[in-house]
Structure formats: C-alpha cells, structure tokens
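Visitor: I have a structure I would like to understand better, so I am pasting it below and will then ask my questions one at a time.
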Amino acid sequence: MAINLERCRMFAKLLDKLSIDPLPGTQFNMNHWGKLRGESCGTAACALGHAALFEPFQKEGLEMKGDKYWNEGYKTVKTPEDMKSYNDFQVCYKGLSAYEAGYAFFGIPKPDSTEYSFFYPRRNNSTPADVARNLRAIVKAETGEEI
C-alpha cells in the first residue's frame, strides 16, 4: 500500500489548524475516537476522530460512526453536533475500523510498535502539533517526501 501523500498533507494541515483553532464544540483528546463530554463541554476526539469529522475526508469515505445504546448498530455522524445523539463512537473506512481504518485511508504502513503509530490513543498529553510532527516524520521516513 502506498502512502497517500495528498491525504497526509491535508491531515497535517488540519492538525496544524487544530493546534491554533479547534473545531467548534470539540476538544482534542487522544484517549477517544469520539466521546460526548456533556452539553457544555462538547465532543472530545483523537486525531483520527477529528479527521473523520473533516468534510473532505468524509467525501473520500472516512467516517465517524456512533451507537446510541452500544447495541443498536453504528450510524454515520458528520459533525460534532450530530454526536450529541450517541454514546459510543468508532472511525471507519471501507469496512475497516479504528486503527486499521486510519492506516488504510492514509496508506500508512501498520507499525511494528505502537510507539511508531500516530493514531495510538493512549498518549494522554499529545497535542495536534505532536501528532502532525509524528505524521510528517513517518511520511518522510517512508517516502523521503516532506509534507
């Protein structure tokens, strides 16, 4: 699978923007694909969760899906506002979910170690700038290209 440089470039720019100006009604949190934080707090989402809420990526098939009661089946969510109707979230692409969806969508090789992965959600203190920097390093290491 080849890295999709255009998608990676757009994602890095989205992350740069999130560092300065978060999406309205959202928080950046690498612990959740997506999570409703209450009416006043809005929605928390990791880097890949924010990518799934980005309209150009939605048009190419990356989706955030929500399930209201953890047993009704996941429905496509387009905006942070839409997320208020659901309790559990997953990022999906072409029948894949979670990390697998992200690797396939961006064409990034699955890492041997979670330390190499920029989707790894347990880095509590990661910022959008940290993830963008890691993404750029992965693309440079794999392709020699700067994004």
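The values are calculated or read from the model by the stated rules, or taken from the named source; none is laboratory data. Since this is a predicted model, take the numbers as computed values, not measurements. No Cβ is skipped: glycine too gets one built from the backbone with ideal geometry, and neighbour counts run over all protein chains shown.
Visitor: Glu115 is checked against (1) at pLDDT below 70; (2) part of a loop (DSSP other than H, G, I, E, B) and fails just one. What number does that condition carry?
Guide: Of everything listed in (1) at pLDDT below 70; (2) part of a loop (DSSP other than H, G, I, E, B), Glu115 misses just condition (2).
Visitor: So Thr143 fits all but one of (1) of a type in the set (S, T, N, Q); (2) modelled with pLDDT of 90 or more; (3) surrounded by 16 or more Cβ atoms within 10 Å (Cβ to Cβ); what number is the exception?
Guide: Only one criterion is unmet by Thr143, namely (3).
Visitor: How many residues does the stretch 39-62 contain that are in a loop (DSSP other than H, G, I, E, B), under 11 Å from the mean Cα position of the chain (by Cα) and either modelled with pLDDT under 95 or among the acidic types (Asp, Glu) (or both)?
Guide: The number of residues fulfilling the criteria is 3.
Visitor: Still on this structure, please answer the following. Any idea how many residues of the stretch 118-137 are buried (at least 18 other Cβ atoms within 10 Å of the Cβ) and modelled with pLDDT of 85 or more?
Guide: Qualifying residue count for the region: 6.
Visitor: Further, regarding this structure: Out of the residues in the stretch 99-112 that are under 23 Å from Lys13 (Cα atoms) and surrounded by fewer than 15 Cβ atoms within 10 Å (Cβ to Cβ), state the one that is modelled with the lowest pLDDT.
Guide: Lys110
Visitor: OK, next. Which is modelled with pLDDT under 90 and among the basic types (Lys, Arg), of Lys17, Lys13, Lys94, Lys75?
Guide: Working: Lys17 fails: modelled with pLDDT under 90; Lys13 fails: modelled with pLDDT under 90; Lys94 fails: modelled with pLDDT under 90.
When all the criteria are applied, what remains is Lys75.
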